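**Q** Got a structure here, written out as structure tokens. Questions coming.
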Amino acid sequence: GSEMCIRDSYLTEVFHTGSATMGIALSCYTLAALTIRPFSGYLLDTFARKPLYIFAYFIFTSIFAGYIVAGTLAVFIILRVVHGFAFGTVTVSGNTLVIDITPSSRRGEALGYYGLANNIAMSIGPMVGLFMHDAGLSFDVLFVASVVSCSLGLVCALLVRTPVKPQVKREPISLDRFFLVKGIPAGLDLLLLSIPYGMTTTYVAMYARQIGIVSGSGLFFTLMAVGMAVSRLFSGRQVDKGRIVAVISFGIYLVCFCFFGLSSCKWLMAEFPAVGRYVFFGIALLLGVGFGTMFPAFNTLFVNLAPNSKRGTATSTYLTSWDVGIGAGLLLGGYIGQVSTLNAAYFVGACLTVVSALFFNIKVGPHFERNKLR
């Protein structure tokens, strides 16, 4: 996550790209991660998992060094694609390893903490990147910091002890091996929620500048990370008690309220700047609580719809739905930001969360209660 939000500044300042071009350049990464997911899942089931995890992690780390020497936008985009492939493989293999090394009685809890670690990283990363950028450090320093951060992660990955499993001859690739059919309604709902999340992680710093909050977009991500950490204290216990549907509903309503609030910040900053600033940062905290509550619960929901032999597939479906939404959020946010304003983009995001809330209550929740296996 240590590079998540410096890229918009990097592309604008180094390559002078408009927000629509920037949306395309950034979404290459997500699309690549999305494309590789089914194949990495297949490879993980066919070969030893840890070596593949380490190899993908190493490639992921190396690409940051490549950004330092990327002289043209074309080279940057090629590196983004390779980075996306590595990221897609690392996330699926990481999730699969978590399932491998955890006792079955605590798998849901373990996946929740693993997912939360990802969410917090995606909040802390932009915060650190923006603080460093605002302090006047060059992009090369930021990329070197990313290499150092990833290298430490790689050392931790090497220390993970995995059970030795005999290699099994697998059947040829088929769609049902990669996609949890029972998880499609929940996947669509999660997709609708991750579109505004994608808009936030990428464009909120630009939005803050547009509405007159000159510094402090780094603080937005700090508060979001705090909200995510706090949310785990109460949501984890509720999920373990079987209240998955109630936990997700609460998260959706909270996030829905936040995005309407975020889009109104432009008007608030124009009329009542002091109030506007408090609302903007208050929303950051509540967004962290909402997303931090929802996403680990969603992960558990997918896992609980799958038999043990398809737990990896369930997680892959969860991640794929999430990635499609993030990619759509990057493109949609960039496009709306270009033809209108970013507060309009957040208003559209808020409307999507309303749709997702209705869809969850009418379709996803009842479907889960009928089909859950545990």
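**Q** Quick one: Leu352 ticks every box in (1) free of Cβ contacts under 8 Å to residues at least 24 places away in the same chain; (2) touching a Leu at 6+ places or on another chain (Cβ under 6 Å); (3) of a type in the set (A, V, I, L, M) bar one, so which box is it?
**A** Answer for Leu352: the failing condition is (1).
**Q** If you don't mind, another one. Just one of the numbered conditions (1) under 17 Å from Gly333 (Cα atoms); (2) modelled with pLDDT of 95 or more is not true of Leu190; which one?
**A** Failing condition for Leu190: (1).
**Q** Quick check: is even one residue across the stretch 311-331 β-branched (Val, Ile, Thr), in contact (Cβ under 8 Å) with a residue 12 or more places away in the chain and open to solvent by 50 Å² or more (accessible area, probe 1.4 Å)?
**A** Looking for residues that are β-branched (Val, Ile, Thr), in contact (Cβ under 8 Å) with a residue 12 or more places away in the chain and open to solvent by 50 Å² or more (accessible area, probe 1.4 Å), one finds at least one in the stretch 311-331, hence yes.
**Q** Also, quick follow-up: It is to be established whether one or more residues within the stretch 210-226 are assigned to a helix (DSSP H, G or I), touching a residue at least 12 places away in the same chain (Cβ under 8 Å), within 24 Å of Ala110 (Cα to Cα) and within 14 Å of the chain's Cα centre (by Cα).
**A** Yes, the stretch 210-226 contains at least one residue that is assigned to a helix (DSSP H, G or I), touching a residue at least 12 places away in the same chain (Cβ under 8 Å), within 24 Å of Ala110 (Cα to Cα) and within 14 Å of the chain's Cα centre (by Cα).
**Q** Out of (1) in contact (Cβ under 8 Å) with a residue 60 or more places away in the chain; (2) under 18 Å from Thr200 (Cα atoms), the odd one out for Asn299 is which?
**A** Result: Asn299 passes all but (2).
**Q** For the stretch 205-254, what are the residues that are aromatic (Phe, Trp, Tyr) and open to solvent by 10 Å² or more (accessible area, probe 1.4 Å)?
**A** Phe234, Phe250, Tyr253 - these are the residues of the stretch 205-254 that are aromatic (Phe, Trp, Tyr) and open to solvent by 10 Å² or more (accessible area, probe 1.4 Å).
**Q** Does the stretch 84-96 include one or more residues that are over 18 Å from Ser151 (Cα atoms) and either surrounded by fewer than 19 Cβ atoms within 10 Å (Cβ to Cβ) or out of contact with any Ser or Thr (no Cβ under 8 Å at 6 or more places or on another chain) (or both)?
**A** Among the residues of the stretch 84-96, not one is over 18 Å from Ser151 (Cα atoms) and either surrounded by fewer than 19 Cβ atoms within 10 Å (Cβ to Cβ) or out of contact with any Ser or Thr (no Cβ under 8 Å at 6 or more places or on another chain) (or both), which makes the answer no.
**Q** Among helices (runs of 4 or more DSSP H) lying entirely in the stretch 264-373, which contain 1 or more residues that are modelled with pLDDT of 90 or more and touching a Phe, Trp or Tyr at 6+ places or on another chain (Cβ under 8 Å)?
**A** 273-305, 311-339, 342-359
**Q** Then there is this: Could you check the stretch 49-74 and list, in sequence order, the residues that are aliphatic (A, V, I, L, M) and under 16 Å from Ser151 (Cα atoms)?
**A** Ile54, Ala56, Ile59, Ile63, Ala65
The values are calculated or read from the model by the stated rules, or taken from the named source; none is laboratory data. All values derive from a computational prediction rather than experimental measurement. No Cβ is skipped: glycine too gets one built from the backbone with ideal geometry, and neighbour counts run over all protein chains shown. Side chains included, ligands, DNA and RNA excluded: accessible areas come from the protein's heavy atoms. Shrake-Rupley method; radii C 1.70, N 1.55, O 1.52, S 1.80 Å.
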